Amino acid sequence: MLSGQYAGTMALTEPHAGSSLADIRTSATPDNAGHYLIKGAKIYISGGEQNITENIVHMVLAKIKGAPAGVKGISLFIVPKLRLSETGGSGERNGVALAGLIHKLGYRGTTSTALSFGDDAECHGYLVGEPHQGLKYMFQMMNEARVGVGCGAAVIGYRGYMHSLAYAKDRLQGRRAADNNPQSEQVPIIEHADVRRMLLAQKAYSEGGLALCLYGARLMDDQNTHPEPQKRQEAGQLLDLLTPVIKAWPSEYGPKANDLAIQVYGGAGYTREYPVEQCWRDNRLNPIHEGTNGIQALDLLGRKVWQNQSHGLQLLLDAMQADLQAATSARCEPWALSLSETLQQAVKVTQSLGKTLMAGETEQALANASCYLHLFGHICVAWMWLRQANAAAIGLNDASNDRERYFYEGKLQAAQYFFHWELPTVAQDLVLLRNMDDTCLAMKAEWF
């Protein structure tokens, strides 16, 4: 696989079990030959069938007969498209069959498939590690994949931003608001304040999200390579806490950036002659796959915040505090104060939700988990922008040419946008969470 001779997939989702992996039905029956017979169906498998590589290795979640109920009974199996021969090369066909192709809104460069296992022939699978530990093993890949999803969402958002920025600089339309002369020259649309608003929002979303993803990638490196064992452990704890946010925030705001890119183009953006519609179509998958953003919200508030007696959360607060103290420039200092005040309110809300969870009122505490994720994510991205602003303020003083000055000024202005236009939106989240608002929880299915 490292050489590219074989390809691989992750086969988790089933027609009746998407986010709820506890309900998968794919079975694994021990065989006297030392392997398992796999029987079942999986869907949304990227690259599940192709003839580019010699073989495809499927990592399949299945349940061994008699396994415990729920996720504790899930095991992980290697299921190759072609069985290995006695010499270690690719041999006869295994009982994995293409059951259908899935026609998607975007990401059309990747084939998405439905696969059947064991329908037309015996499907041999090989147990990975210990029985009933499959989800634990799979999440070693999935957690990195979730960081990858967030990064992909941020860069697709950035791609749309770059296209719309170039278009806005080139497209002539109208005149400045104060210019009433119909015979004066038209100006590029970037001269209009509302277009700049849309471009600033895209810059704030994509560059803020990318900074968060790169921070997560650094934690992944430190978790594995930092020379100090304690630092490796702390990086792992911080990464565990932030993974739902790194996945969800860019995948929520990357498509929002792409939507704004389409708007900058106007009617042209709605056509396939220009690239921004594809950016939106491709990016729209990211809030859905590798665990929907709703699942990330439940994971963050229901599990990750409280892991290891909230040590990861304390590490995050300490890291933020260092950057808050470093914000000493005239421009950054009020932003640091704004973030500090929001952070204090978020900590109080978190403590209140923790008490509700400990009291056994799980549904009430988690009903507005998406609000908590939005609050948490905006605080983290505001922190990322403060870090960039601190660096830009220093860089601006040392800049030796216009190009450098424009770069740093752009960073500071995007940070200002986030602190003035975006961070204040979490006030609603704080109110809903503080009041344990039951609007959504109390709604009955029959009332829709």
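Test Leu172 against the stated conditions and say whether it is touching a residue at least 24 places away in the same chain (Cβ under 8 Å) and among the hydrophobic types (A, V, I, L, M, F, W, C). Taking the combined requirement at face value, the residue does not satisfy it.
Between Gly236, Gly254, the distinction of being without any contact (Cβ under 8 Å) to a residue 24 or more places away in the chain and either in a helix (DSSP H, G or I) or in the same structural domain as Leu315 (by TED's automatic domain parsing) (or both) belongs to Gly236 only.
This table checks each residue for (1) touching a Pro at 6+ places or on another chain (Cβ under 9 Å); (2) without any contact (Cβ under 8 Å) to a residue 60 or more places away in the chain.
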residue	(1), (2)
Val60	no, no
Ser75	yes, yes
Ile78	no, yes
Ser85	no, yes
Gly89	no, yes
Gly106	no, no
Thr113	no, no
Phe117	no, no
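Go through the range 215-231 and give me each residue that's of a type outside the set (Asp, Glu), surrounded by 15 or more Cβ atoms within 10 Å (Cβ to Cβ) and either at pLDDT below 95 or in a helix (DSSP H, G or I) (or both). Break it down stepwise before answering.
Here is the first cut: in the range 215-231, the residues of a type outside the set (Asp, Glu) are 215-220, 223-227, 229-231.
Next, only the ones that are surrounded by 15 or more Cβ atoms within 10 Å (Cβ to Cβ) stay: 215-217, 219-220, 223, 226.
Hits for the range 215-231 are Tyr215, Gly216, Ala217, Leu219, Met220, Gln223.
Residues in the range 258-304 that are of a type in the set (D, E, K, R) and part of a helix (DSSP H, G or I): Asp259, Glu277, Arg281, Asp282, Asp299, Lys304.
Looking at this structure, is Ser340 in contact (Cβ under 8 Å) with a residue 12 or more places away in the chain, assigned to a helix (DSSP H, G or I), surrounded by 14 or more Cβ atoms within 10 Å (Cβ to Cβ) and over 22 Å from the mean Cα position of the chain (by Cα)? Full working, then the answer.
On the way: in contact (Cβ under 8 Å) with a residue 12 or more places away in the chain: yes; assigned to a helix (DSSP H, G or I): yes; surrounded by 14 or more Cβ atoms within 10 Å (Cβ to Cβ): yes; over 22 Å from the mean Cα position of the chain (by Cα): yes.
Against the criterion (in contact (Cβ under 8 Å) with a residue 12 or more places away in the chain, assigned to a helix (DSSP H, G or I), surrounded by 14 or more Cβ atoms within 10 Å (Cβ to Cβ) and over 22 Å from the mean Cα position of the chain (by Cα)), Ser340 qualifies.
More than 30 Å from Val79 (Cα to Cα), at pLDDT 95 or above and in a helix (DSSP H, G or I), is that true of Gln202? Here the answer is yes, as Gln202 does meet what is asked. Out of the residues in the range 105-118 that are in contact with a strand residue (DSSP E or B) (Cβ under 6 Å, 6 or more places away or on another chain) and assigned to a loop (DSSP other than H, G, I, E, B), which is surrounded by the most Cβ atoms within 10 Å (Cβ to Cβ)? This residue is Gly118. Residues in the range 395-425 that are surrounded by 14 or more Cβ atoms within 10 Å (Cβ to Cβ), hydroxyl-bearing (Ser, Thr, Tyr) and either more than 16 Å from Ser206 (Cβ to Cβ) or more than 27 Å from the chain's Cα centre (by Cα) (or both): Tyr408 alone.
The values are calculated or read from the model by the stated rules, or taken from the named source; none is laboratory data. On a predicted model such as this, the values are computed, not experimentally measured, just so you know. Here the Cβ is made from the backbone with ideal geometry for all residues, glycine too, and neighbour counts use every protein chain on show.
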